[in-house]
Amino acid sequence: MEGWYVLENAEGFFKRVYEIVARIPEGKVATYGGIARMLGYPGGARTVGWAMRGTPEGLNLPCHRVVKATGELAPSYVFGNSEIQRAMLEAEGVTFREDGTIDMERHLWQGI
DNA sequence: CAGCTGACAATAA
DNA sequence: GTTATTGCCAGCT
């Protein structure tokens, strides 16, 4: 966490979340709680997800790479259908288990 | 000004 | 093993 200031206007909690999400590499996924922990809020998992809800589309933020701690994808009403998110992650190179959940052990991004 | 809601997470039964 | 409940932080009404 040294040069995390791509968006120099990173003052609010939102921006801070956007920066981290924007840093997620392809083929990797981050959890809401994980991002919250990076910010120093171990219990701010909901807040991170809530911040994503207000994510401007102009930032082209890879919100589809943010999943639950259990490896499950976000609810269907986020993209209209969970298939979209799953398809995008598969296209990125993320592997899924038989349950339809992401293999966190392989793709969990801890924030390099 | 006070209470409610919400793209979650962890613990208890 | 699954299902239910509580806690958490920031913005909104």
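The values are calculated or read from the model by the stated rules, or taken from the named source; none is laboratory data. None of the values given here were measured: they were computed from a predicted structure. Counting neighbours? That spans all protein chains shown, and the Cβs are built from the backbone with ideal geometry, glycine included.
Can you tell me which of A:Glu105, A:Glu90, A:Glu72 is surrounded by fewer than 18 Cβ atoms within 10 Å (Cβ to Cβ) and in a loop (DSSP other than H, G, I, E, B)? If you could, list the steps in order and put the result at the bottom.
Details: A:Glu105 fails: in a loop (DSSP other than H, G, I, E, B); A:Glu90 fails: in a loop (DSSP other than H, G, I, E, B).
Selected residue: A:Glu72, the only one of A:Glu105, A:Glu90, A:Glu72 that is surrounded by fewer than 18 Cβ atoms within 10 Å (Cβ to Cβ) and in a loop (DSSP other than H, G, I, E, B).
In the stretch A:39-61, what residues are away from DNA strand C (no atom under 13 Å from the Cβ), surrounded by 12 or more Cβ atoms within 10 Å (Cβ to Cβ) and either at pLDDT 95 or above or not in a loop (DSSP other than H, G, I, E, B) (or both)? It would help to see each step written out before you state the result.
Residues of the stretch A:39-61 that are away from DNA strand C (no atom under 13 Å from the Cβ), as a first pass: A:57-61.
Applying the additional criterion that residues be surrounded by 12 or more Cβ atoms within 10 Å (Cβ to Cβ) yields A:59, A:61.
Once the filter is applied, which keeps residues that are away from DNA strand C (no atom under 13 Å from the Cβ), surrounded by 12 or more Cβ atoms within 10 Å (Cβ to Cβ) and either at pLDDT 95 or above or not in a loop (DSSP other than H, G, I, E, B) (or both), the stretch A:39-61 yields only A:Leu59.
If you scan the stretch A:75-87, which residues turn out to be in a loop (DSSP other than H, G, I, E, B) and either under 13 Å from the mean Cα position of the chain (by Cα) or surrounded by 14 or more Cβ atoms within 10 Å (Cβ to Cβ) (or both)? Outline the logic, then answer.
Residues of the stretch A:75-87 that are in a loop (DSSP other than H, G, I, E, B), as a first pass: A:75-81.
Those that are in a loop (DSSP other than H, G, I, E, B) and either under 13 Å from the mean Cα position of the chain (by Cα) or surrounded by 14 or more Cβ atoms within 10 Å (Cβ to Cβ) (or both): A:Val78, A:Phe79.
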